[in-house]
Amino acid sequence: MKAVHFGAGNIGRGFIGALLDQSGYETIFVDVNEELIHLLNERNQYQVKLAGDDSAIEVRNVSGLNSIKQPQEVVKAITQADLVTTAVGPNILPVISRLLAEGLEKRMEGQAGSLNVIACENMIGGSEVLKQHVMENMDEAFHNTLEDTVGFPNAAVDRIVPDQHNEDPLTVKVEPYYEWVVETPTIKGAQPEVEGITYVENLTPYIERKLFTVNTGHAAAAYLGSYYGHSTIKDAMDDHRVKEKVEGALSETGAVLIEKYGFGKDQHGGYIEQIIKRFLNPDLSDEVTRVGRGPIRKLGPKDRLVQPAVEYLERLEKDPNHLVEIIAAALSYRNEADPEAKELQDKVQENRPGSAFQDISELSHDHRLVQLVDRKYKEMNE
C-alpha cells in the first residue's frame, strides 16, 4: 500500500507517518523543506522517540518529494496512492489544494478507483475545507466524478509534539498518548486500514472535545503564561495561578460539551485530568511563544476560545469568567516575532480592546462576551 502525506514536519513524521508505517504503508512525504526531503530519500527511514520513555520507533519505507521542484512527481504519486493525508496547518491547505487537485484530475482520467483524503489538522472540518479548495482548483467537468470516487472524511487528531532541536533533523520526539478519530459517512470504498484510527459515525463531538479541551487548555496556558512572565508551558502550569485558571476554563468548556453531547461528567472530568497531566510533563514542555502564535486565528468565532465561551453563555446562562480572562490575556499577548501578534496589538491600540475583539470574534458590539472581555482587559492592564 502507498500513502502520500503532505507535510514532513514534526507532526507529519512523528504522528501520521509513524502510524502509516506501522500499518504497512510506503509513505511519500510532500514538502518544501529541501533538507528534510533529501534526508528522507537518502535514508528511507527515521526515528520517533517517545517523551518520558527510553523507547523509540523506527519508521521505514519512507521517501520525499519537493512540491515546488517536483510537482509532476507529486501528481504521479497521487494517481498511484491508496491514501492521502495532510498535516500542514490550516493556512496551508489552500496552497496544497492546487497540486492535489491536479493529481486527482489525473487519477480520475486514468480511472484509478476510489481514494480517501484525510486532513489531519487542528481545525473543525479540515477535510471538508480541503475538498472545497480542491474543487475551486479543479475543472468543473471532474466535480461529479470527484463526488463519486474521492472521500474527504473529517478527522480529529491529538498528539503533543513539542518544539525541539535534534542533532538528527529527521528524529522527532512525541508523547506516547495519541488520538486519531475519522468520520465514516464520506469514506469512499473500503475504510483505510491504518492502525490507530478510531472510526465513528459522527465526528463533531470528538473534534469539539479535543479542540475545547486540549487546544483551549494549551492556549490558556500560553496566554496566561505570557501574561505572568513565563517562557514555557511547564513553567506556566507550575504557577498555581495559571493552573487554577486553566482548570477553571476547562470546567467551563466541559460544561458545554456535557450539555451539548451528553459526555459523562466523571468521564469528561477524567479526560480533563489527563490533559492537565500532559501539560505538566517536563518532556513535553513547549515554548509559550510557539503555542501562543497566531492569536487572531485562535480568537476567531469558531475556534478554541470564543465558540465555547459563547455557547457557555447561551447554554448555561452564566458568565464564562475563566474563558473571559483567557481571552483578555490573548488580547494582551505580545510577541514581536509573530506577525499575527503584532497585527493584534495594532488593532488593540487603534481601537479600544472591546472593538478589536468584536471585529476578530465577529460578535455584535453589545454582545455580553464583548462587554465582559473589554472590562476584564482593562482590569488586567491598568
field: Residue that is nearest to residue 381 (Cα to Cα), among those in segment 347-365 that are at pLDDT 95 or above and among the acidic types (Asp, Glu)
entry: 359
task: Output the residues belonging to segment 302-314 that are touching a residue at least 60 places away in the same chain (Cβ under 8 Å) and either over 16 Å from the mean Cα position of the chain (by Cα) or part of a helix (DSSP H, G or I) (or both).
output: 306, 307, 308, 309, 312
- prompt: Looking at residue 89, is it at pLDDT below 95 and under 22 Å from residue 180 (Cα atoms)?
  reply: yes
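Conditions tested, residue by residue: (1) farther than 17 Å from residue 322 by Cβ; (2) of a type in the set (A, V, I, L, M).
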| position | (1), (2) |
| --- | --- |
| 222 | no, yes |
| 226 | no, no |
| 236 | no, yes |
| 241 | no, no |
| 253 | no, no |
| 258 | no, yes |
| 262 | yes, no |
| 273 | no, no |
| 276 | no, yes |
query: Of all residues in segment 103-135 being part of a loop (DSSP other than H, G, I, E, B) and hydrophobic (A, V, I, L, M, F, W, C), which is nearest to residue 19 (Cα to Cα)?
result: 120
- prompt: For the subset of segment 332-382 comprising residues that are aliphatic (A, V, I, L, M) and in a loop (DSSP other than H, G, I, E, B), which member is most open to solvent (accessible area, probe 1.4 Å)?
  reply: 337
statement: Out of (1) modelled with pLDDT under 95; (2) farther than 30 Å from residue 285 by Cβ; (3) of a type outside the set (A, V, I, L, M, F, W, C); (4) more than 24 Å from the chain's Cα centre (by Cα), the one residue 54 does not meet is (2)
task: Can you tell me which residue within segment 285-300, out of those that are open to solvent by 10 Å² or more (accessible area, probe 1.4 Å) and aliphatic (A, V, I, L, M), is nearest to residue 342 (Cα to Cα)?
output: 296
- request: Would you please name the residue that is surrounded by the fewest Cβ atoms within 10 Å (Cβ to Cβ), looking only at residues in segment 50-67 that are hydrophobic (A, V, I, L, M, F, W, C) and closer than 30 Å to residue 303 by Cβ?
  value: 50
query: Taking residue 125, is it closer than 30 Å to residue 294 by Cα and of a type in the set (Gly, Ala, Ser)?
result: yes
- prompt: Can you tell me which of 111, 80, 47 is surrounded by fewer than 20 Cβ atoms within 10 Å (Cβ to Cβ) and under 24 Å from the mean Cα position of the chain (by Cα)?
  reply: 47
message: Every residue in segment 1-44 that is open to solvent by less than 50 Å² (accessible area, probe 1.4 Å), in contact with a strand residue (DSSP E or B) (Cβ under 6 Å, 6 or more places away or on another chain) and acidic (Asp, Glu), please.
response: 21
- line: Flagged in segment 159-189 as in a loop (DSSP other than H, G, I, E, B), modelled with pLDDT of 95 or more and of a type in the set (A, V, I, L, M, F, W, C), in numbering order, are 170, 187
- request: Give the residues of segment 190-219 that are farther than 24 Å from residue 26 by Cα and part of a loop (DSSP other than H, G, I, E, B), sorted by residue number.
  value: 201, 202, 203
- prompt: Has segment 142-159 got any residue that is open to solvent by less than 40 Å² (accessible area, probe 1.4 Å) and touching a residue at least 60 places away in the same chain (Cβ under 8 Å)?
  reply: yes
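The values are calculated or read from the model by the stated rules, or taken from the named source; none is laboratory data. Since the structure is predicted, the reported quantities are computational estimates derived from the model, not experimental observations. Virtual Cβ from ideal backbone geometry, glycine too; neighbours counted across all protein chains shown. Just the protein is used for accessible areas: all its heavy atoms, side chains included, with ligands, DNA and RNA removed. Shrake-Rupley method; radii C 1.70, N 1.55, O 1.52, S 1.80 Å.
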